[in-house]
Structures are given as structure tokens and as C-alpha cells.
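Visitor: I'd like to ask some things about the structure below.
Derivation of every value follows stated rules applied to the coordinates shown; laboratory data play no part. Computed from a prediction, not measured in an experiment: that's the story for all the values here. In this analysis, Cβ positions are derived from the backbone assuming ideal geometry, glycine residues included, and neighbour counts consider all displayed protein chains.
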Amino acid sequence: MKRRVVITGMGTVNPLGTNVGTFWEGLLAGRHGIGPITQFDHSAFKCHFAGEVPGYDPETFLEAPLPRRLDRFAQFGLLAAREAMRDTALERAKVDPFRCGVAIGSGIGGLNELEQQNARYTREQLPRVINIFCIPKMIPNSAAGVVSIEFDLRGPNTVVSTACASANQAIGEALRMIQLDLADVMVAGAAESAITPLGVGGFTQLKALSLRNDNPGAASRPFDRDRDGFVLSEGAGVVVLEEYEHAKKRGAKIYAELLGSASTCDSHHITEPHPEGLGAAKAMELALRDARVDPTDVGYANAHGTSTNKGDIAETQAIKRVFGPHASRLLVSSTKSMTGHLLGASGAIELIAVALSLKHGVVHPTINLDNPDAQCDLDYVPKVAREVRVTRAISNSFGFGGHNCCLVVGSV
Amino acid sequence: MVGTVEERVKDIVCERLGVNRAVLTRDLSFQHDLGADSLERVELVMALEEQFGLTIPEDQTDRFRTLGEAIDYIERERARP
């Protein structure tokens, strides 16, 4: 029998707030976290808004010299891990550090540092002006590394970079580590910060971003007929996964059980989803099988729901394919309608939302859903949170490259 | 920026190494007393170069063992015609 894995700690920084409590309150209130870009001069760009972490100043959130040593994405990862570790209250003296690991992904890694150092070099034309910390800051495993150092986590340490599926897949890998008895505790999630000239400009070139500059708060509108792309956001989410008996023995608080995970790849197109969501459907089907959960027992699906034209339709079709007639009874909502799209980190904050939904018996809404697309005909919990007791839920994340990863969560 | 070379060097050391200014004395070793690893010592030299508009040859950086040595080196370089 598989070892059971539960969530015993959670932490986040994201556009809705810099801790889990503020994030959850924002979600239930249907508040969005989107505003003007403040991180660089965007006047020449087509898109002028994003989901930035509110009031973020590295110097006040982190003690010296960390603001200089870590790229912004890794700063977010560390802050989320700190909250999750405080929350789980694991006594270090009572655990074997080699049984505690890390799986913190990132879709892009240290883009801020890469761009800054490239600009410096280009300006000066002197290799010696390149920051000595350039490489350790920009490598996508820097968040996983610094979290390991800060909390003395010496077990398996891995990074997943499957674009916007990174967090789900990192959490899925962490689940396996514990199930396979390679670790008892895994600090898992993802971190992202790509609100930079290349990030905003690059996604704009792909025509992936909403350009609703006159009303940024209404820009992320998954499943709505007037959606025009996703909103680029930043932040991190980290959960502490722990073997069930290990958690029970130390009297840890348990939010939910991570029941299963599965991933697939579309093998179709580097940026577009498969039009019928075949790969996405298979990921959901396999994850439910991994979790030994019957589709009809699932009450809630936290959608990938990015507010892109093709993606929302493909996901709706995939859900219908997996759940059949039960799809019409399933509640489906998009966290991204409020937070925007944290790319690789999105699945981590969405898992936090799912765990809290199970625990508190309320599902957050999909905001800005004024007129559902005719091809998006599920119950997306429009605009207002809904009180409902759910015992089984899924959370979807899909990424460029065709990656699909689904997590299955249960109440404990 | 105003201030003596000593004050400006101390500012950079505090900022880069995250140490309390009140504890800084000239005889402190960057490595042994202020806990700067090899990367941090190179970073410090680069910051001093930028601050004082100097180019410090790599073979000179091992002269920067203590705060006092760094201050003296910079003062000497700046005094050159």
C-alpha cells in the first residue's frame, strides 16, 4: 500500500497578498490583484499592466544580503517557503535532515538578473562588469537551493521546469518521493518573476497576453466570450508535504491529503493546446486513477483557466471528456481570474486554494465571467464564492511545450 | 557621494555583507571576522571599483584581507597623480 501524503504547511506571495490568509480572503471576496506595471518603463510596450506582488520591497521583506544574492523569483520562493515552514512548525531537532527534501520549480528562472547583467555588459562592453552572483542568481534551481540551505533540508532536491505546469509537476514529484519512501517531508511548489521587458515583450509577441489596458482588473476573464489573453503575474506558492503517520505522530495541522498526480504531454504544438484537450484529459484521467478516485466523487476542479481563447475551450472539452455527464455537476473555477497567471508558480497557489476549499467548505469564484463563451458551458462558479462541502477535488496546470499535469486532493 | 574613503568603504561593506556598521574596525578580516566567502570578497572588490572609479588588478585583490588594507589601498590609488 502506498504511503499517504498530506499537506501540513502552506505559504505564498502573489498579487493578492503576501501570506496565505490575505490570499484566501481575496479569493473569497472575488478581489483581483492586477495593476500597472511598476518594475520597468513599459511605455513602448503594448501591454501596460500585470499582477505584481503588492507593496513588495526586497529590502523590507528580506534581511541583507539576501536581496542582492537572490533573483526576485527566488526571493518569492524563499518567502513562501518561510511561511510554509512557520506554518508546519516542524521541529528540526526531531527530524533527520536527509529525510526532508525540496521540489521547487520555476517556468523561467532568474530572468530579472539575466536581463540586468546582459544590459550591463552590453552598455560597458566589459566582461568584468558582470555580477559575480549572475549565474547563482539566474539558475532556475536557486530557489530550491536557498530553501535547502535555510531549513537544512538535505534529502532529495529537485526542480521542475515545464513552463506553466512546473508547480504541479514539482508537487507531483514530491508526492512520489514520499510515497516511494525516499523522504518523509518535502517542501514543494514553484516561484516565478518574469514581469520584465523580455517577459512582457516576449509573451506579447506570442499574442498570449490580454491587452485590455483600459480596465486591467477585468482583463483576466477565463471562459468569458470577451477574453483576449492572460495577465502576466508573479509570485510563489510552497506547500509542506508530509507522510501521514509522520504528521500525525507530531500532531501537525493537516489541511488536506494529496491523493494522486499524473502528467502527460500533448505532442501537438509548442505553444498551442491540443484543440480537444486530449493530453489534458488523459492527465486528469490518470491522476484520478493514481488517486483511486472515481470521477463522480470529484466535486471541484480548479481549472488551469488562463483566459486565452483556445486554452479555455480545450480545457472545457477535456473536463467533459473525463467526467462525462458528471461534468455539469462539477464546480470549476479559475484562480487566475483574480491573480492573473503566475506561469510556473500558478499550480502551487491553486493547490493552496483547493486545500482551503476542502477545509472550509467554500469554493472561490471565477470573476469577470459576464458572458460565458458558448463553447464554455460548465458551472464556473461565476463572480460569487459558493459554500459547498467537497471531499475530492482536482487541480489542473498546462504549460507551453504541451505539458499537462493534474493533482488530486482529498479532505482528511 | 560625500564622505571620507573610510566611510564610503564601510558603507559598501555594510551593504554588501549585511553587517552592522557599529562593529566595523580596521583590523577585521573580511573572510574570518565578517564571514565573507570567496564570491562575496570578489563582489566587494567589484563594488569598490565601481564606487571609486578604479580598476583593481586581480593579482592585487589578495591584498584586501582586512578593512584597513582595503581603505589604505584605495587611498593610495586615489593619491596617484
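Visitor: Per residue and in cubic angstrom, what volume does the convex hull of the Cα atoms of chain A have?
Guide: It is 127 Å³ per residue.
Visitor: Quick one: what are the phi-derived ³J(HN,Hα) couplings along segment A:260-266, Karplus 6.51/-1.76/1.60 with θ = phi - 60°, whole Hz, x for glycine and proline?
Guide: For segment A:260-266, the Karplus-derived couplings read x, 7, 7, 9, 9, 10, 5 Hz, x marking Gly and Pro.
Visitor: Placing one identical point scatterer on every Cα of segment A:8-100 and ignoring solvent, what is log10 I(q)/I(0) from the Debye formula at q = 0.12, 0.14 Å⁻¹?
Guide: Values returned for q = 0.12, 0.14 Å⁻¹ are -0.50, -0.65.
Visitor: Using 7 Å Cα-to-Cβ label points, what is the A:Asp41/A:Ile130 separation (nm, one decimal)?
Guide: Inter-label distance under the simple model: 2.7 nm.
Visitor: Now, a different point. Let me see the pair-distance distribution of segment A:76-175: every alpha carbon pair, 5 Å bin width, integer percents in order.
Guide: With a bin width of 5 Å, the distribution comes to 2, 13, 18, 21, 15, 11, 9, 5, 3, 1, 0.
Visitor: Where both partners of a DSSP beta bridge lie in chain A, what percent of those bridges are antiparallel, to the nearest 5?
Guide: Antiparallel bridges: around 70 percent, rounded to the nearest 5.
Visitor: Taking the Cα atoms of segment A:327-412 alone, what are Rg (to one decimal) and Dmax (as a whole number) in Å?
Guide: Over segment A:327-412's Cα set, Rg and Dmax evaluate to 12.9, 37 Å.
Visitor: Averaged across orientations, what area in nm² does the convex hull of the alpha carbons in segment B:5-79 project?
Guide: 4.3
Visitor: Something else: Along the Cα→Cβ direction, 7 angstrom out, place labels at B:Thr4 and A:Thr60. What is the inter-label distance in nm?
Guide: It is 3.5 nm.
Visitor: Then there is this: Which ordering of A:Val13, B:Val42, B:Val9 is given by a fewest-first count of other beta-carbon atoms within 10 Å?
Guide: Least to most surrounded, the residues fall as B:Val42, B:Val9, A:Val13.
Visitor: Taking the beta-carbon count within 10 Å as an exposure proxy, list A:His48, A:His364 from fewest neighbours to most.
Guide: A:His48, A:His364
Visitor: Between B:His32 and A:Lys2, how high is the FRET efficiency from 1/(1 + (r/R0)^6) when r is the Cβ-Cβ distance and R₀ = 45 Å? Nearest 0.05.
Guide: After rounding, the FRET efficiency stands at 0.35.
Visitor: So for the pair A:Asn118, B:Glu77, with labels modelled 7 Å out along Cα→Cβ, what separation do we get in nm?
Guide: Distance between label points: 3.0 nm.
Visitor: Taking 26 Å as the cut-off for C-alpha to C-alpha distance, list the pairs among A:Lys249/A:Lys359; A:Lys2/A:Lys94; A:Lys46/A:Lys383 that go past it.
Guide: Cα-Cα > 26 Å for A:Lys46/A:Lys383; rest within.
Visitor: Segment A:102-252: Rg/Rh from Cα coordinates, Kirkwood Rh?
Guide: 1.08
Visitor: Would you work out the relative contact order for segment A:260-410, in percent, from Cα pairs under 8 angstrom that are 6 or more residues apart?
Guide: The normalised contact order for segment A:260-410 reaches 35 percent.
Visitor: I've got another one for you. Between B:Ala22 and A:Lys249, what FRET efficiency follows from the Cβ-Cβ distance if R0 is 35 Å, with the result rounded to 0.05?
Guide: Efficiency, from the Cβ-Cβ distance: 0.15.
Visitor: Where in chain B are the helices, taken as whole DSSP H runs, whose Cα atoms extend 27 angstrom or more along the long axis and whose Kyte-Doolittle mean reaches at least 1.0?
Guide: Answer set is empty.
Visitor: Compute from the Cα atoms of segment A:260-410 the Rg and the Dmax, the latter being the longest Cα-Cα distance, and quote both in angstrom.
Guide: 13.7, 39
Visitor: For a Förster distance of 22 Å, can you work out the FRET efficiency between the beta-carbons of A:Asp181 and A:Ala93, rounded to the nearest 0.05?
Guide: 0.50
Visitor: Can you put A:Tyr300, B:Tyr73 in order, fewest other beta carbons within 10 Å first?
Guide: Ranked by crowding around the Cβ, least crowded first: B:Tyr73, A:Tyr300.
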